[in-house]
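Just below is one structure, and these are the notes that go with it.
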Amino acid sequence: MTTKTILGTTVYGQPAGNYDGSSQDWSSDPVTAANYYRGRGGVQTITFSVTAFEGDMFLEACLDDNPAEANWFDTYIYGDGSTIPLTDYHPATVTGNFTWMRVRVEGFSGGTINAVTITY
């Protein structure tokens, strides 16, 4: 079993990774998914952990070995578009022969993303 962090701790207003500390919309770096290694199966468990989070997260996947921006598509949406702060630990299962996965964040206007992880 493999567990990887798609998006590490990200606090609103504090630059980290691809987040510049002020943008509401941005994407994490991609991580390899189950089918990158061929034969590891198509079931991935994603865990979203947030504290007072305001915004939406879109779990995106790609089927290509070398993904271009146009090759990403949504596989799961976390959030409901409201501005009510959300504190949650939420596992979700997605099925597909994905080679890469990332998180696209939209409307990030407060709180902390503790982590988004993938297990396969």
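Okay, residues lined up against (1) among the aliphatic types (A, V, I, L, M); (2) under 13 Å from the mean Cα position of the chain (by Cα); (3) more than 22 Å from Tyr120 (Cβ to Cβ); (4) surrounded by fewer than 14 Cβ atoms within 10 Å (Cβ to Cβ):
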| site | (1), (2), (3), (4) |
| --- | --- |
| Thr3 | no, no, no, yes |
| Thr10 | no, yes, yes, no |
| Pro15 | no, no, yes, yes |
| Ser22 | no, no, yes, yes |
| Ala33 | yes, yes, no, no |
| Phe53 | no, no, yes, no |
| Phe58 | no, yes, no, no |
| Asn66 | no, no, no, yes |
(request) Could you tell me whether any residue of segment 26-36 is modelled with pLDDT of 95 or more and of a type in the set (Phe, Trp, Tyr)? (result) yes
(message) Restricting to segment 101-120, and then to whatever is closer than 20 Å to Thr3 by Cβ and of a type outside the set (Val, Ile, Thr), can you tell me which residue is surrounded by the fewest Cβ atoms within 10 Å (Cβ to Cβ)?
(response) Ala115
(message) Consider segment 16-70. How many of its residues are within 14 Å of Thr5 (Cβ to Cβ) and assigned to a loop (DSSP other than H, G, I, E, B)?
(response) 6
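Check Asp56, Asp74, Asp88 and return the single one that is acidic (Asp, Glu) and over 13 Å from Ile113 (Cβ atoms).
Asp74
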(request) Determine the pairs where a residue that is among the β-branched types (Val, Ile, Thr), located within segment 13-37, has a partner that is surrounded by fewer than 15 Cβ atoms within 10 Å (Cβ to Cβ) and part of a loop (DSSP other than H, G, I, E, B) with Cβ atoms under 8 Å apart, the partner being 6 or more residues away or on another chain. (result) none
(request) State which residue pairs qualify: first residue without any contact (Cβ under 8 Å) to a residue 60 or more places away in the chain and inside segment 93-120, second residue surrounded by 16 or more Cβ atoms within 10 Å (Cβ to Cβ) and not basic (Lys, Arg) in any location, beta carbons under 6 Å apart, and separation of 6 or more residues or different chains. (result) Val94/Gln44; Val94/Thr75; Val94/Tyr76
(request) Could you check, for segment 39-51, whether at least one of its residues is of a type outside the set (Ser, Thr, Tyr), closer than 23 Å to Thr119 by Cα and exposed (fewer than 12 other Cβ atoms within 10 Å of the Cβ)? (result) yes
(request) For residues that are in a loop (DSSP other than H, G, I, E, B) and loosely packed, with under 11 Cβ neighbours inside 10 Å, scanning just segment 71-91, find the one that is modelled with the highest pLDDT. (result) Ile84
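The values are calculated or read from the model by the stated rules, or taken from the named source; none is laboratory data. Note that the coordinates shown come from a computational prediction; the quantities given were computed from them, not determined experimentally. Virtual Cβ from ideal backbone geometry, glycine too; neighbours counted across all protein chains shown.
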